[in-house]
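First up is the structure itself, then whatever we jot down about it.
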Amino acid sequence: MSSALEVGVLIGELLPLLGQLQALLAEPVADATTGTTSHHKATGSPAPWHEEAATVLLTIHEEARRLEASLLWQITGELPARRGGSDRNTRAALAVIGNLVHAVPERDARGALHIVGRWIRNARQVKDIGIEERWQPAWPSGPGELPPKCPYCKTYSVRVATRAGLVVCINRSCKDGKEESPRGRLERSSLNGDPMIVWNDGRTITYRRDWA
Ligand SMILES: [Zn+2]
């Protein structure tokens, strides 16, 4: 299959994902606190997947317009009329990309394929975490167990996506050692299998399985 045809196929896959990401944005924020057990109040911050869905959607909105413009410029030497920011406009830009990509050299079609492929990977990742796996406040070592306190803000704002092995702090004012929102990976100690979090700034914290 030529790269141009593949772009068309990928755009067909991307369209329903856009709708699913939009749906994640519309979800009530209260979902974030499901499963919270006891003496600490949930922070009421939006769930991390809202932010991630918004970021991915924005990237696709912007880059689709840029890709459309660059393909059109290459073929006609003209820039398209500026599109507004709506989802409908993004879909229109994607449809135009699917056509224009047939009129550029294979090398450029491959470039477009690479970009659309990245959109799909990012969209799937957010969708999988947002829909198929919730960020849970519960620590995976046992039902009803509280997550550990966040090592940065010292609140119970740590959320875990067990299957994806990801950890975040949902306290919006919380910053890690790199002044970023704390994110990390859930791992097991190679010494004794105890759960540990490897945070993005390099901090690693191991938790004893019988911690209380
Ligand atoms: Zn924190």
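The values are calculated or read from the model by the stated rules, or taken from the named source; none is laboratory data. Since we're looking at a predicted model, the values are computed, not measured. Counting neighbours? That spans all protein chains shown, and the Cβs are built from the backbone with ideal geometry, glycine included.
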Count - residues of region 147-172 that are more than 22 Å from the chain's Cα centre (by Cα) and either of a type in the set (Lys, Arg) or within 7 Å of the ligand (Cβ to nearest atom) (or both): 5
Matching residues, region 1-49, being modelled with pLDDT under 50 and in contact with an Asp or Glu (Cβ under 9 Å, 6 or more places away or on another chain): 37
Residue that is modelled with the highest pLDDT [pool: residues in region 176-193 that are part of a loop (DSSP other than H, G, I, E, B) and surrounded by 15 or more Cβ atoms within 10 Å (Cβ to Cβ)]: 176
Qualifying residue in region 104-127 (condition: surrounded by fewer than 18 Cβ atoms within 10 Å (Cβ to Cβ), touching a strand residue (DSSP E or B) at 6+ places or on another chain (Cβ under 9 Å) and at pLDDT below 80): no
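Filter region 194-205 down to the residues that are assigned to a loop (DSSP other than H, G, I, E, B) and modelled with pLDDT of 85 or more and list them by number. Before you say what the answer is, go through the steps one by one.
In the first step, residues of region 194-205 are kept if they are assigned to a loop (DSSP other than H, G, I, E, B); the result is 194, 200-203.
Selection gives 200, 201, 202, 203.
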Close pairs from region 162-180: first assigned by TED's automatic domain parsing to the domain that holds residue 205 and over 15 Å from residue 126 (Cβ atoms), partner among the acidic types (Asp, Glu) and at pLDDT 85 or above, Cβ under 6 Å, at least 6 apart: 176/201; 177/201; 178/201
Residue match in region 139-159 (condition: loosely packed, with under 14 Cβ neighbours inside 10 Å and modelled with pLDDT of 85 or more): yes
